[in-house]
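Rule-based calculations on the coordinates, nothing more; no lab input. Note that the structure is predicted; figures quoted are calculated from it, not measured. Cβ: placed from backbone, ideal geometry, glycine included. Neighbour counts: every protein chain shown.
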Amino acid sequence: MAPEVVDVRILVTGGTGQLGSAVVARLRAAGEEVRVLSRRVAPDVVRGDLRTGRGVDSAVAGVDVVVHCATDYLGREAQLARTLVEAARWAGGPHLVYVSVVGVDRVPLGYYRAKHETEQLIAASGLPHTIQRATQFHGLVRTLLAGAFRLPVVPVPRISFQPVDVRDVARRLAGQALEDPAGRAPDFGGPEILSAAELAQAVAEASARRRRIVPLKVPGETFRAYADGGHLAPAHREGEITFREYLAERADHG
Ligand SMILES: NC(=O)c1ccc[n+]([C@@H]2O[C@H](COP(=O)([O-])OP(=O)(O)OC[C@H]3O[C@@H](n4cnc5c(N)ncnc54)[C@H](OP(=O)(O)O)[C@@H]3O)[C@@H](O)[C@H]2O)c1
């Protein structure tokens with residue numbers, strides 16, 4: 001008798017990344033069959049490259065849902081999505097769930113512009129889709145601030161963040177993967193909005209480093225957009241894990 005073939009229903013691109021791996025863990029814990037697309041040779045992944053298109057058609061074949069967490073920091077975000085949309089059309093039109101960033105249409109950064117273009121491309125693709133914007137991840141905010149800790153005085157921009165834990169965003173995306181397409185979904189943000197100085201203070205306390213933290217006004221239109229809160233979602237504080245909780249967990253794990 002032929003072995004039973006289990007249909008893989010969900011493909012996660014970027015399933016090896018920060019957010020994507022949390023999405024994969026969440027879906028697998030819920031008993032879902034998940035396929036991961038990666039450029040790497042690794043156990044448990046389907047090899048493919050969204051930039052060249054290599055391996056993408058076979059990765060998409062037979063899935064009902066694609067959660068697109070892969071990203072390109074060099075301006076090719078839309079190119080990756082174009083390849084995926086084309087493969088998805090050939091594969092019969094699975095539900096495409098795309099994760100974007102709150103404020104991509106308000107903060108003038110090259111990466112954000114590329115994400116906004118990608119949102120528009122997916123919305124116009126004719127594929128059933130869900131576009132979920134999220135605020136900055138805890139890891140990114142910590143990395144941005146920790147860089148300044150090499151100095152005795154820590155300069156921080158006079159702006160606020162609403163950091164969110166990737167596990168909270170993954171919960172939202174995993175839910176959406178199993179629901180009907182929602183189009184542009186309401187934004188998803190972290191539980192607290194804190195100034196960069198307060199966040200830097202939390203980093204200092206978590207790493208037992210004493211530093212003088214100095215908030216600075218940074219010139220330029222990008223920082224003005226941040227200072228105006230273009231990247232925040234004050235009405236959407238659905239994330240549960242706070243920045244301090246995230247830092248404490250990291251300290252516990254060394
Ligand atoms: N970081 C934040 O604060 C933040 C906030 C809101 C939204 N987001 C969004 O969340 C998403 C995930 O971000 P992340 O921080 O989790 O990313 P990440 O950890 O940097 O991971 C990027 C992923 O993209 C994959 N990838 C890159 N180029 C690829 C290509 N050509 N073909 C196939 N896969 C490719 C990588 O897979 P391999 O290397 O294994 O191939 C990797 O898994 C992004 O869309 C980002 O814009 C991020």
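What is the extension gain from F149 to R184, computed as 0.36 nm multiplied by their sequence separation minus the C-alpha to C-alpha distance, in nm to one decimal?
Computed gain between F149 and R184 is 8.8 nm.
For the stretch 116-202, calculate the relative contact order in percent as a whole number, restricting contacts to Cα pairs under 8 Å that are 6 or more residues apart.
43 percent
Using +1 at the C-beta of Lys and Arg and -1 at the C-beta of Asp and Glu, which of H116, A148, A134 has the Cα lying farthest in the positive direction of the dipole of the chain?
The one lying farthest along the dipole's positive direction is A148.
Let me test this: with uniform point scatterers at the alpha carbons of the stretch 176-225, what is the Debye-based log₁₀ I(q)/I(0) at q = 0.12, 0.16 1/Å?
-0.54, -0.73
With a Förster radius of 22 Å, plug the Cβ-Cβ distance of R39 and L140 into 1/(1 + (r/R0)^6) and report the FRET value to the nearest 0.05.
Computed FRET efficiency for R39 and L140 comes out at 0.50.
For R113 and R237, what does the FRET efficiency come to when R0 = 30 Å and r is the distance between their Cβ atoms, rounded to the nearest 0.05?
Once rounded, the FRET efficiency stands at 0.70.
To check you understand DSSP bridge types, tell me what percent of the beta bridges within the stretch 10-252 (both residues inside) are antiparallel, rounded to 5.
Taking every DSSP beta bridge with both residues in the stretch 10-252, the antiparallel ones total about 5 percent.
Please state the Cα pair-distance histogram of the chain with 5 angstrom bins from zero: what percent is in each bin?
Spelled out per bin, shortest first, that is 1, 6, 12, 16, 18, 15, 12, 9, 6, 3, 1, 0, 0, 0, 0.
Work out how much length D57 to A251 would gain on full extension: take 0.36 nm times their residue separation and subtract the Cα-Cα distance, in nm to one decimal.
The span from D57 to A251 would gain 65.7 nm if fully extended.
For the stretch 137-254, state the semi-axes of the equivalent ellipsoid (square roots of 5 times the eigenvalues of the alpha-carbon gyration tensor), sorted largest first and rounded to whole angstrom.
The answer is 28, 19, 9 Å, longest axis first.
How far, in nm, would the chain grow between Q120 and K217 when pulled straight, counting 0.36 nm per residue and subtracting the alpha carbon separation?
31.6 nm
Quick check for me: using +1 on Lys/Arg Cβ and -1 on Asp/Glu Cβ, what's the dipole size of the chain about its Cα centre, in debye to the nearest 20?
1120 debye
Using only the alpha-carbon atoms, how far is helix 18-29 inclined from the longest principal axis of the chain? Give it as 0 to 90 degrees, nearest 10.
For 18-29 against the chain, the angle is about 50 degrees.
Expressed as a rounded percentage, what relative contact order does the chain have, with Cα pairs under 8 Å and six or more residues apart?
18 percent
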